[in-house]
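Chemist: Sharing a structure below in structure tokens format, with a few things to ask.
The values are calculated or read from the model by the stated rules, or taken from the named source; none is laboratory data. This one's a predicted model, so the numbers in the text were calculated from it and none came from an experiment. Quick reminder, even Gly has a Cβ in these numbers, built from the backbone with ideal geometry, and neighbours come from all protein chains shown. Note: accessible area is taken over every heavy atom of the protein model, side chains too, but ligands, DNA and RNA are not part of it. Shrake-Rupley method; radii C 1.70, N 1.55, O 1.52, S 1.80 Å.
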Amino acid sequence: MLHLDSLPPRTTKGELLAFVCNATGLRGAQVGKIDLQGNTALIELPAETLSRVVKALDGAEFKERRLRAWATAAKAADPNDHFQRLARLLELESRAEADRILDEAGSSERRGDSLSGLAILDETSGLGGRYIVALGKRNRALELPWNRLEPGTPVLLTGQPKGDEGWRGVVCERSRSEIHVALSEPLDEDRPALFRLDLSPDEKARIRQVAALERARTAERDRLAELRRILLGEAAPAFREPIEWGPLDASLNASQVEAISLALSAKDVAILHGPPGTGKTTAVVELIRQAVRRGQKVLACAPSNLAVDNLLERLLVHGEKAVRLGHPARVLPALREHTLDLMVESHDDTRQARKIAKKAFALFRQAGKYTRAKPEPGARQAMRQEGRALLDDARKLENQAVDRILNGATIVCATLTGLDSEVLGQRRFGLAVIDEAAQCTEPVCWLPLLRSESLVLAGDHCQLPPTILSTEAAEQGFGVSMMERLVELYGDTATRRLEVQYRMHEAIMRFSSDQFYDGSLRAHESVQNHRLCDLEGVRTEFLTEDPVQFIDTAGAGYDEEEEPGGSSRRNPQEAALVAKKVKSLIEAGVAASAIAVIAPYAAQVRLLREMLPIAELEIDSVDGFQGREKEAVVLSLVRSNVEGEVGFLADVRRMNVALTRTRRKLLVVGDSATLSSHPFYEAMFAYFESIGAHHSVWEEMD
């Protein structure tokens, strides 16, 4: 079955049949039943034609509209087929996400995924013609509870008590007392007094991934089919002879230059492995700029909006012509003027289109207006026809504005799920770059491959893997990213590791380097020996002089417990000690904004937030600090039990992230007796001992 989306209004089956045949070379007799519903169509086609038909129609223009096209996977699934297996696991993950929302609705506010009892404080328009509603407590003096609904988060706004389906939107701004949501349509006049805001799963993203997997599975005799063979290990990746190039960024080190050289010579795929603090984004930006100098158009992607914005910001600083796809509310305010939506909104062609559309709607109103004198026969119909023709002209101008902006850009930046054929049409790119590639599941990585000649993956598979909710999907390997799989498949042939890090004191870096990176990392001289006491306004004392400190709570009776009313773990006495050390750091002159408090369990995070209600002090889970850094990190390990159970601390990649978020000071609090049952933690405590960083909690009590 062929699926078509974004069809123009009033499309007939005859028009659609003619378009499909003309665009694909099919005969009318080969096209089966056509089911038209609104702006979508489902068409029966011979299975052997689907691959080339989808390729021909996805992004094709039909009556001033660009279509989305995809095929439904075969019903008789092959359990050994790589793509059908990924599609099945993606479905399991989607169900798990939906089940969690239903099952944990009562605890969603505690997790920070919901806000209730909200009133509308203001309504405006903006962000490319969208409707912005400001929500907050009726009593404006009250602050909003802590939540994870940050700018860019997809949300569902519903009335309280629970009303209709609600309104889907995106958070575009928030403060302590207000949260602003961008909606595609205004709220009804007959609206409730109070509202609820919930994190909303993105079903469109899943559909796009399924469609990409099926397209990759069925590709024949084209570049996608060639890339599929290489990415599945059926053929080895090829490389050109290295070409001389001069760095545009003079600060690049030797390992960065070597990694970029490999990527520039890759005909198919290359991997840039960037351990913590090694300047991965700097290398990725240089790679993109070098590719542009060679005449390539580049598709720069990442799984998160923040990671895409980070790339875009760096590229703009260097004067590159980059356009950002996606909802403007999901983009950092300073970068919104570079989004396609706002660039189109201010384009001369769009301004002209607005004037034409205004005339069209005036004709529609005139045609529907009651008049005493009977109009000439066919006059109303003629006005409506003229109005529709004017709207077609307006749409042509808007599409022309989009085309001119995209054609003038050498780099297109987007989240992986934000690659939309309705916007991009059938554009192709010489190079696709996926940053933070180890943090996303494999299906989403096939989306840029549908329109690219070669691929570079950048990230670190030794840090946090993709977050998987479905236990069944995780057990079947859904958490193995494409990057991790290809590193295992091709190793040094297609991979280069960055080796100079610019974040951590050498003593903080060394254990992670030995455990995860074969001892290859070197601290740059600018950070090798820097300490907290070197910062202006910070007192010189033991707490600020030593870069690493481990406080061992073994034998002190700091027992973990299950959170009341939940299943997460916490350790109240350990939390109290952590709070004490954080306050000591602040008293020593360290700014609260320069400190991160990290715990692997959500219950401990919540408890620490209650104990440390300090403005600008960030307290979060390990996952929440991925890709970030602070001057000082205080890490609470939580687990303390006689059985020696470490729980999901056994995922040592999570601990790699936690240990490498800091620049000058790492303070770890935990129970060595419990955690030493795991070889990784046994080695970590031995390292702390070897550098004189091991201290007993009894010393804190003296």
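Chemist: I want to check the label-to-label distance for PHE542 and GLU185. Put each point 7 Å from Cα in the C-beta direction and report it in nm to one decimal.
Modeler: Roughly 6.6 nm, to one decimal.
Chemist: Could you give me the ³J(HN,Hα) list for the stretch 433-450, computed from phi with Karplus coefficients 6.51, -1.76, 1.60 and θ = phi - 60°, whole Hz, x at Gly and Pro?
Modeler: Taking θ as phi minus 60°, the curve returns 10, 10, 8, 6, 5, 7, 9, 10, 6, 5, x, 5, 6, 7, 4, x, 5, 5 Hz for the stretch 433-450.
Chemist: Restricting to Cα pairs below 8 Å that are 6+ residues apart, what does the relative contact order work out to for the stretch 1-95? Please round to a whole percent.
Modeler: Once normalised by length, the contact order is 33 percent.
Chemist: Within the stretch 250-270, find all residues whose amide N lies under 20 Å from a label point positioned 7 Å from the Cα of ASP222 along Cα-to-beta-carbon.
Modeler: From the stretch 250-270, the list is 268-269.
Chemist: Then there is this: Where the accessible area of the chain is counted over protein heavy atoms with a 1.4 Å probe, how much of it, in %, is carbon and sulfur?
Modeler: Heavy-atom surface of the chain belonging to carbon and sulfur, 1.4 Å probe: 48 percent.
Chemist: Same structure, new question: Could you list, in their original order, any pairs among LYS355/LYS396; LYS13/LYS359; LYS581/LYS665; LYS204/LYS396; LYS55/LYS267 whose Cα atoms are separated by more than 19 Å?
Modeler: Violating the 19 Å limit, Cα to Cα: LYS13/LYS359; LYS204/LYS396; LYS55/LYS267.
Chemist: Can you pull the one-decimal nm distance between simple spin-label points at LEU121 and GLU629, each 7 Å off the Cα toward Cβ?
Modeler: With each label placed 7 Å out from Cα toward Cβ, I get 3.5 nm.
Chemist: Taking the Cα-to-Cβ direction at ARG27 and at GLU173 and moving 7 Å from each Cα, how far apart do the two end points lie in nm?
Modeler: 6.2 nm
Chemist: Give the long-range amide H neighbours of ALA693: residues separated by 5 or more places, or on another chain, with amide H under 5 Å away, using H modelled in the peptide plane at 1.01 Å from N.
Modeler: none
Chemist: Can you give the Rg to Rh ratio of the stretch 396-542, both from alpha-carbon atoms, with Rh computed by the Kirkwood formula?
Modeler: Radius of gyration over Kirkwood radius for the stretch 396-542 works out to 1.11.
Chemist: Shifting gears a bit: Check which residues have an amide H placed less than 5 Å from ARG324's amide H, if you skip close sequence neighbours.
Modeler: Result for ARG324 returns THR339, LEU340, CYS413.
Chemist: Let me ask something else. For the chain, what is the accessible area per residue in Å², given a 1.4 Å probe and the full set of protein chains?
Modeler: Per-residue accessible area for the chain comes out at 45 Å².
Chemist: Just how much of HIS273 is accessible, in Å², when a 1.4 Å probe is used and the result is rounded to the nearest 10?
Modeler: Surface accessible to solvent at HIS273 totals approximately 10 Å².
Chemist: Here's something else I'd like to know. Roughly speaking, what is the stretch gain from ASP35 to ASP492, that is 0.36 nm per residue apart minus the C-alpha to C-alpha distance, in nm to one decimal?
Modeler: 159.4 nm is the gain from fully extending ASP35 to ASP492.
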